[in-house]
Every structure is written in C-alpha cells, then in structure tokens.
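Just so it is clear, none of the values below were taken in a lab; they were calculated from the coordinates. Source: prediction; values computed, not measured. Cβ placement follows ideal geometry from the backbone for every residue including glycine, while neighbour counts extend to all protein chains displayed.
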Amino acid sequence: MKPVTRNIVLVIDTTDYEKTVIALEGGGKKHQFQSNNLSEKIIPETKKFLKKNKIEFTDLKQVEVLTGSHFSRTRTTIAVANALIFALGLRQKMFKPHYDRQPNITLPRRPQK
C-alpha cells in the first residue's frame, strides 16, 4: 500500500506588526508568536509548529506569504519563504517582494574614507 501523499501548504502571515502567524492552509491549525525580532524567531517557531502537528519540512508542497507594509518584515518573510522553496525543491515560483513605497535611506553623516 502506497503512503498517502499530503499536499500541505504552509502560510506565513506577517501583516500584523506585533505578531506573526504561521498556519496550515485549509487545516485551521495556526501558531502565532510575538515577532519583535522576526529574523531570529521565524525558523525556530516554524519548526516548533510543524513538530507539534507531526509534519516534516519535507511534507510541505507549497509555501505562501502574506506581508504588510513594513520593509524589514517583508524582506525577511520573502527570504525565508524563498529559502524553503529552494531547499525543499518545491515546484513553485520564488516570491518577489512588493513594497508600498521607496526605501527611505539616508546618507551617512560623515564622509566615507
């Protein structure tokens, strides 16, 4: 008997600046955490969520993202999603970030040597 193929879609939602939600599409299972430092927390929290639901990274068939208007959170979320897509060899296109405005980058105060 063949093992059942599971089409599991992982959704990473960073639209709320105060929290990040990781969910399984269609399953109703969600995990949220405060994300003051998203780049340090997103992978460990995702691992914890998947382990709790008895899912391996290799069970994932697709990754989806929902991003808000915050530059760093959008950049981090897209980078993590694309890394998962690449590392797992998923058959989906990589995400391109879309920002709501141009970056506000200031010039250094002192001239560079």
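What is the log10 of I(q)/I(0) for region 8-88, computed with the Debye formula using one identical point scatterer on each Cα and no solvent, at q = 0.16, 0.17, 0.21, 0.27 Å⁻¹? Summing over Cα pairs of region 8-88 leads to -0.52, -0.60, -0.94, -1.56. Applying a threshold of 18 Å to the alpha-carbon distances of LYS19/LYS54; LYS19/LYS61; LYS51/LYS93; LYS54/LYS93; LYS19/LYS93; LYS19/LYS41 flags LYS19/LYS54; LYS19/LYS61; LYS51/LYS93; LYS54/LYS93; LYS19/LYS93 as lying beyond it. The long axis of helix 71-88 is offset from the longest Cα principal axis of the chain by roughly 40 degrees.
When peptides 56-65, 84-93 are sorted by average Cβ neighbour count within 10 Å, with the highest value leading, the order is 56-65, 84-93. Our helix-only sum for the chain, with -39,500 (n - 2.57) per DSSP H run of n ≥ 4 divided by its residues, gives a mean residue ellipticity at 222 nm of -9500 deg cm²/dmol.
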